[in-house]
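Participant: Provided herewith is a single structure, encoded as structure tokens, for subsequent inquiry.
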Amino acid sequence: MGLKSYIAKKVLFAAIAYFVAVTIVFFLYHILPGNPANVFALDPRVPPAVREQLLIRWGLNEPLWKQYFIFLGNLLQGDLGYSFLHKKPVAEVIGVSLPWTLLLLGTSFVLNAVIGILLGAFVAWRRGSKLDTGFVLTYNVYNALPLFFVGMLFIALFGFYARDNDWPIWFPIYGAQTPGASETGFFPYLGDILWHLFLPLMVLTISGVLGWSWFMRGNLINVLTEDYIKTAKAKGLNENQVLYKHAFRNAVLPVITSIGMSIGGLIGGAVLIETVFSYPGTGRMLYDALMRRDYPLVQGAFIIIAGITLLGLLFAEIVYGFVDPRIRTE
Amino acid sequence: MNKKLITIAAIVAGFIIALSPSLMVIAQEPIYGGTLNTPLEADAHALNPFTYGTTYEWYVLNHMYDSLVTLNTERQPIPNLASTWTHNDTYEQWTFTLVDNAYWHDGTPVTIDDVYFTFDLLLNDDAIPRRSWLFDEITSLDIVGTDQLVVTFGWGPKPADVLFDLATTWIVPESVWDSVDLYTFANDVNPIGSGPFKFVEWARAQYFRLEANTEYHLDGPYIDFKVLPIISEVETQYYALSVGDIEVMGNPPPELEAVAEVDPDIEIHESLQDYWVYLGLNQRRYPNNVKEFRQAVLTGINRSEIVDIIRYGRGMVSPASCSLPYGPYYNPDIREYDYNVATANTMLDNLDFLDNIGDDGIREDANGTDLSFDLIVSADAQVSVDTCRFIQEYMLDIGIEVNVVPLIWDVLWQTVGGTGSPTNTWDYDWAFLGWVGFWSDFHPSWGRWLFSANGWWGSDTVNIPGWNSTARWEVTALADAILYETDEVEVKILIDEMQEIIAEDLPYLPINILGGVALYRTDEFKGWILGPTTGPDNWETWLAIQLVVAPEGGPGFLALSAIVTLVVSVGLVKYRRKKQ
Amino acid sequence: MMVLLEINNLKTYFHTRSGSVKAVDDVSFKLGKGEVLGLAGESGCGKTTTCLSIMRMIDNPGEILEGEILYENAKEVMGSSDNTERTNNILDLTDAEMRRIRGNHIAMIFQGAMNAMNPVHRIGDQIMEVLKIHEPEVPKEEMWQRVIDILEVVGIDSSRARDYPHQLSGGQKQRALIAMALINNPDIVIADEPVTALDVIVQAQVLKATKELQKKFNLSMIMITHDLSVIAEVCETLAIMYAGKMVEYGKLRTVFKEPSHPYTQLLIEAFPSIVGPLKELKDIGGDVPDLRNPPLGCNFHPRCPKVMDICRTEEPPSFATKDGFVACWLYEVKKEK
């Protein structure tokens, strides 16, 4: 089987998985106690006539299976539904928050992957050195701290203490931009956005980099004991050639798998970090929508998140196919 | 001129120049400028003044929209878009006169047609929820002349009802709202109101930016901008307040309140919230329907300890009448239920609820059934669950067993029948719940809303505690009488009586009134207006607040004031000499 | 016969927290041009460590403490300048020089059925890599041609050059590894258990091919194995190691027919012979000693059926045999006679 059919197979599986996920999301929110019909039924402020009218307007008076097919049909046309709360199409509401989340998560993701893998390789190659010991210690200490706590610590330290004590640099502790910064020109605005991005990004990235490099370190240490490393050395390759041509690629294989898996966790972390730093992302919006029972928005957000997660997984699997010949030539 | 005179004049002038900023205050000359930053804990969803659903949305909208009448921090009606209002002797006909200098943010004048349009919309459009029950009672709306709206009711509601409920409805411009779908209009692009602040920008989940309405028809605002950053975590809000990013915040955690106490630039304001929590004994079940039993239970609860420990001393023990302890309608002579274990035990002994069966420390009722109750409470609110655990302990001291059952809110609300659904079963023993927004301190209809069998919450469809003693019908009759009574003195007497009955019969076992704490900075802005039930960040403050120090007064300004003060002081000295 | 490789008093220890493991302790032997030396002994006796020492591929915490490894052509990798003053001891070479020895002059084959080939690279590329390192000036097409050629030589169809290791059978992988070792015409090939994991039929095929190639290129080989039957098939000389020491060395025939050391005798008895008369198999009682703390005297004495008093206190030196040596006190007397 070649690479093409491998990719085709993976795309097909991802599509099936997505369909299943979307179906589960739909039924979950129509069966749970906070379901949309109940929300109207429970809200005493909504007069019965209005309630009836709304149920008809949102198609909530139809039987569940019919609602499901209407939902699927709309979804195919890119229509995620209509947010009760925001009084806007769900896609539009998510469209406002998603770029911020993608900025935060995307940047963090790239930094995690690149720095994490390189740092992991670096410390693994120097296993047992002071640097490695320091790394292991840092990882274990940082890992023991909840993300929320680290966030609050950063806020207190770099946002409050630094400013209170006139440190040369401090960082904003809430929001994604200074009000009015968009009128200051492109580069000052970009700078303002990056300045606001710094602290949440740091919290996400430090934990991500440490986690990934820890994983990479373990993989590489294992790989370095493999026989093909001895073979490579016996050929006369120098250490760098052994590391990069033979050890690195093999050690990176499991990391690629976990990259895909970690996207879900990253989104979970984003909810926390966005809340701690009052960052205007999808995670926080989703949390708010859940609390306010804006079910089309919750459903839409989950559909998007499921899509991003599956895309991430698919991407990882395709990369894996390129990197590991055992997968694509099975 | 002699030298002495000049010397004295110079010294006086120097003093005056040095003190000029404070003199400005004495002179009540407003200082214009500045940006006031007041945080929101969560974002708004839309800016629709008819369908908003959160306090955050109300808060944002209140900057931009005005009503005929506005409530001040003392909860008294003050003129806003209506310069005056009158009513006939029977209260059936109300006439509001529109001010002549109010403008929409787009520059067009606010007309009586806009007012009529808004009221008519709420009266006749089914798609939007009415914010006031009084719309149901309106029989006609009429425009008289060019600036008067006459509202006619089928009977005569009292001034409190009309002014607080109906006249506080935000007025919207007809030009915008006559062409939109009221229910689905998000109004988030360029909301046009006539309020003290104009919309500039809404960065979703980040901030609102508002600018002062310089054409505003009332005095103020003096600040240039108001920014409402959205800061989710209260700790972060505190840090932001500490460094001066924001000027005010609400409900800091107690430990941060303690820190704020020592900051010379931060002041603390405590207030009461219109929010009280109660223990609901389902009186559809025995022995909850025994009045003396309810009284014994309330006597057995150490409510001040709950306030002190669980609420960190914020708020207060609720009066047994469930009314807020200030305002014109509060009756202080009602029965009190001070915590006393011995009294509570005696009360239960007198009921013959003794621990006859077994020696388990749990009393039995007249049927020989253990006094053992499930207490359901919202699992979403840890404070409520904690309160229930305290109640559980207190009850053990008087021989009553309580099992705390935390439930998710929807399930809880359905179980206690709060939904008013025809399929209600009210399948519970005790429930821990709260009421918010019933304005008992100034509203004569307060008792009707909560207790009258003719009101929604006290009706047979809801009636959460299942109150059905003769007292219920007495209260219902009083509520009806109050509704139609036009003599204020008589109203007060009726409400006093109602409160006495409620305090005696205890349909609800009120635990505590919640308190609010706000922190605000005083170094940059002055003119915060505070009230017993409002924090510093309120509508009156928005109009009054101004910078402590004039922004960048510039050398010209200083020189001018120096010259003025010099001339004045020289004149003063001369005058004095002449007198001598 | 010209001596190509001479190992004298090699000591390689592994430093662990609980003491030094004397993995290779005072080992000496010679390897002639075209000679195939079998290195046999139980697992953990130091065979592989000896060979990795020759390759100078001992990693931390291991260390080559003493001894010399003289390689006849060592000077070829040295810079042109001060060759004359330097010895042929490859332990004195710089790391860069040593890398030019590896794969080029001395090649090593690891157990191929396991993970000796990198799973993510094509076998042809892996073989070609040797050329790329040592003869970068050769055009790529020529390199590839040589890869194809050598694969044909070891008996792999040239079309498999673009395959990945997992697509080959165990025997093919082992052949590919042999090809990798041979491609640059090394003087010496060290094979570490080259056929252990293969089934018997494939073992025989690979061994046959190995022997043919060895003859064809007149290779010197060191064949590490714990399987004496493998040695019998391809080796001319046999060295037996026990607990880090070389206990016996000699011509294959001599060691097989007239084993001197009690350990060798037991080892040979422990192996079934396909051709000889059916005998009862014996196992050697006891365990290999703890090399961190080896017994006093001869390492083998706790298990030795012919143990004498002196064995318990003093280490036996090497005593000459017909065509080699043995390290056993039994032969001291003979020498004195």
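The values are calculated or read from the model by the stated rules, or taken from the named source; none is laboratory data. Everything numeric here is computed off the predicted structure, so don't read it as measured data. Cβ sites come from the backbone with ideal geometry, for glycine too, and all protein chains shown count toward neighbours. Accessible surface areas use protein heavy atoms only, side chains included; no ligands, DNA or RNA. Shrake-Rupley method; radii C 1.70, N 1.55, O 1.52, S 1.80 Å.
Participant: Among the residues of the range B:492-532, count how many are of a type in the set (V, I, T) and buried (at least 20 other Cβ atoms within 10 Å of the Cβ).
Facilitator: Number of matching residues: 6.
Participant: Then there is this: Check B:T541 against each of (1) part of a helix (DSSP H, G or I); (2) polar (S, T, N, Q); (3) at pLDDT below 90 and name the one condition it does not meet.
Facilitator: With respect to (1) part of a helix (DSSP H, G or I); (2) polar (S, T, N, Q); (3) at pLDDT below 90, B:T541 is out only on (3).
Participant: Give, as residue ranges, the strands (runs of 3 or more DSSP E) completely inside the range B:207-257 that count at least 2 residues that are at the interface with chain A (Cβ under 10 Å from one of its Cβ atoms) and of a type in the set (D, E, K, R). Walk me through it before giving the result.
Facilitator: Working: elements: B:207-212, B:225-229, B:248-250.
No strands (runs of 3 or more DSSP E) qualify here.
Participant: Pairs only if they're at least six apart or on different chains, beta carbon under 6 angstrom, first in the range A:155-174 and at the interface with chain B (Cβ under 9 Å from one of its Cβ atoms), second in a loop (DSSP other than H, G, I, E, B) and open to solvent by 30 Å² or more (accessible area, probe 1.4 Å); list them, first residue then second.
Facilitator: Once the first residue is at the interface with chain B (Cβ under 9 Å from one of its Cβ atoms) and sits in the range A:155-174, its partners that are in a loop (DSSP other than H, G, I, E, B) and open to solvent by 30 Å² or more (accessible area, probe 1.4 Å) give A:R163/A:W170.
Participant: Next question, about the same structure. Going by the structure shown, is B:T51 polar (S, T, N, Q), under 27 Å from the mean Cα position of the chain (by Cα), modelled with pLDDT under 85 and within 30 Å of A:P179 (Cβ to Cβ)?
Facilitator: Judged against the criteria, B:T51 is a match.
Participant: So, one more: Limited to the range B:48-101, what total is found for residues that are without any contact (Cβ under 8 Å) to a residue 60 or more places away in the chain, within 14 Å of chain A (Cβ to nearest Cβ) and not hydroxyl-bearing (S, T, Y)?
Facilitator: Residues meeting the conditions: 3.
Participant: Give the residues of the range A:82-95 that are facing chain B (nearest Cβ under 9 Å) and without any contact (Cβ under 8 Å) to a residue 24 or more places away in the chain, sorted by residue number.
Facilitator: Taking the range A:82-95 and keeping what is facing chain B (nearest Cβ under 9 Å), we get A:82-88, A:93.
Across the range A:82-95, the qualifying residues are A:K87, A:K88.
Participant: Of B:L149, B:L121, which residue is of a type in the set (A, V, I, L, M) and in contact with a helix residue (DSSP H, G or I) (Cβ under 6 Å, 6 or more places away or on another chain)? Please lay out each step first, then the result.
Facilitator: Working: B:L121 fails: in contact with a helix residue (DSSP H, G or I) (Cβ under 6 Å, 6 or more places away or on another chain).
Among B:L149, B:L121, only B:L149 is of a type in the set (A, V, I, L, M) and in contact with a helix residue (DSSP H, G or I) (Cβ under 6 Å, 6 or more places away or on another chain).
Participant: Condition (residue is within 14 Å of chain A (Cβ to nearest Cβ) and touching a residue at least 60 places away in the same chain (Cβ under 8 Å)) applied to the range C:266-277: is it met by at least one residue?
Facilitator: Within the range C:266-277, none of the residues are within 14 Å of chain A (Cβ to nearest Cβ) and touching a residue at least 60 places away in the same chain (Cβ under 8 Å).
Participant: Residues of the range B:309-324 being in a loop (DSSP other than H, G, I, E, B) and within 16 Å of B:Y508 (Cβ to Cβ), which ones?
Facilitator: B:S318, B:P319, B:A320, B:S321, B:C322, B:S323, B:L324
Per-residue answers, yes or no, for (1) outside any helix (DSSP H, G or I); (2) closer than 22 Å to B:F153 by Cα:
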position: B:T51; (1), (2): yes, no
position: B:E57; (1), (2): no, no
position: B:H63; (1), (2): no, no
position: B:T73; (1), (2): yes, no
position: B:S83; (1), (2): yes, yes
position: B:F119; (1), (2): no, yes
position: B:L123; (1), (2): no, yes
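Participant: Another one. Take A:I193 and decide whether it is within 9 Å of another protein chain (Cβ to nearest Cβ), at pLDDT 90 or above, under 30 Å from B:Q206 (Cα atoms) and in a helix (DSSP H, G or I).
Facilitator: The answer is no for A:I193.
Participant: Same structure, new question: Can we say B:N345 is of a type in the set (S, T, N, Q) and surrounded by 13 or more Cβ atoms within 10 Å (Cβ to Cβ)?
Facilitator: yes
Participant: To continue, here is another question. Is it true that B:L134 is touching a residue at least 12 places away in the same chain (Cβ under 8 Å), surrounded by fewer than 17 Cβ atoms within 10 Å (Cβ to Cβ) and not in a loop (DSSP other than H, G, I, E, B)?
Facilitator: For B:L134, the condition - touching a residue at least 12 places away in the same chain (Cβ under 8 Å), surrounded by fewer than 17 Cβ atoms within 10 Å (Cβ to Cβ) and not in a loop (DSSP other than H, G, I, E, B) - is not met.
Participant: Say we look at the range B:408-447 and pick out the residues that are within 28 Å of the chain's Cα centre (by Cα) and open to solvent by 40 Å² or more (accessible area, probe 1.4 Å); which of these is modelled with the lowest pLDDT?
Facilitator: Residue satisfying both the conditions and the ranking: B:W439.
Participant: May I ask you to list the residues in the range A:219-259 that are open to solvent by less than 30 Å² (accessible area, probe 1.4 Å) and within 26 Å of A:L314 (Cα to Cα)?
Facilitator: A:N219, A:L220, A:V223, A:H246, A:A247, A:N250, A:A251, A:V252, A:L253, A:V255, A:I256, A:I259 - these are the residues of the range A:219-259 that are open to solvent by less than 30 Å² (accessible area, probe 1.4 Å) and within 26 Å of A:L314 (Cα to Cα).
Participant: Search the range B:143-159 for residues being closer than 30 Å to B:Y59 by Cβ and open to solvent by less than 10 Å² (accessible area, probe 1.4 Å), and hand back the single one that is nearest to the chain's Cα centre (by Cα).
Facilitator: Residue satisfying both the conditions and the ranking: B:K158.
Participant: Sticking with this one: Being of a type in the set (V, I, T), open to solvent by less than 40 Å² (accessible area, probe 1.4 Å) and modelled with pLDDT under 85 is the requirement here; does A:I267 meet it?
Facilitator: On the way: of a type in the set (V, I, T): yes; open to solvent by less than 40 Å² (accessible area, probe 1.4 Å): yes; modelled with pLDDT under 85: yes.
Against the criterion (of a type in the set (V, I, T), open to solvent by less than 40 Å² (accessible area, probe 1.4 Å) and modelled with pLDDT under 85), A:I267 qualifies.
Participant: A follow-up question, please. In this structure, does B:A296 turn out to be part of a helix (DSSP H, G or I), more than 10 Å from chain A (Cβ to nearest Cβ) and surrounded by fewer than 18 Cβ atoms within 10 Å (Cβ to Cβ)?
Facilitator: On the way: part of a helix (DSSP H, G or I): yes; more than 10 Å from chain A (Cβ to nearest Cβ): yes; surrounded by fewer than 18 Cβ atoms within 10 Å (Cβ to Cβ): no.
Answer is no for this residue.
Participant: Still on this structure, I have one more. Would you point out the residue of the range B:348-364, among those that are at positive phi and in contact (Cβ under 8 Å) with a residue 12 or more places away in the chain, that is most open to solvent (accessible area, probe 1.4 Å)?
Facilitator: Within the range B:348-364, the subset at positive phi is B:352, B:358, B:361.
If we keep only those that are in contact (Cβ under 8 Å) with a residue 12 or more places away in the chain as well, we get B:352, B:361.
Working: B:D352: 100, B:G361: 41 Å².
This residue is B:D352.
Participant: Of the residues that make up the range B:332-341, is at least one open to solvent by less than 40 Å² (accessible area, probe 1.4 Å) and under 28 Å from B:V436 (Cβ atoms)?
Facilitator: Yes: one or more hits.
Participant: When you check B:P444 against the structure, is it farther than 30 Å from B:L354 by Cβ, part of a loop (DSSP other than H, G, I, E, B) and not charged (D, E, K, R), yes or no?
Facilitator: Yes: the conditions hold for B:P444.
Participant: Continuing with this model, one more query. In the set B:D386, B:D380, which member is open to solvent by 40 Å² or more (accessible area, probe 1.4 Å), among the acidic types (D, E) and without any contact (Cβ under 8 Å) to a residue 60 or more places away in the chain?
Facilitator: Result: B:D380 is the single residue among B:D386, B:D380 that is open to solvent by 40 Å² or more (accessible area, probe 1.4 Å), among the acidic types (D, E) and without any contact (Cβ under 8 Å) to a residue 60 or more places away in the chain.
Participant: Let me ask something additional. Restricting to the range A:304-330, give me the number of residues that are more than 14 Å from chain C (Cβ to nearest Cβ), crowded, with 16+ Cβ neighbours inside 10 Å and more than 17 Å from A:A113 (Cβ to Cβ).
Facilitator: Residues that pass the stated criteria total 4.
Participant: OK, next. Of the numbered conditions (1) within 29 Å of A:F315 (Cβ to Cβ); (2) more than 14 Å from chain B (Cβ to nearest Cβ); (3) open to solvent by less than 70 Å² (accessible area, probe 1.4 Å), A:I115 fails exactly one; give the number of that condition.
Facilitator: Of (1) within 29 Å of A:F315 (Cβ to Cβ); (2) more than 14 Å from chain B (Cβ to nearest Cβ); (3) open to solvent by less than 70 Å² (accessible area, probe 1.4 Å), only one is false for A:I115: (3).
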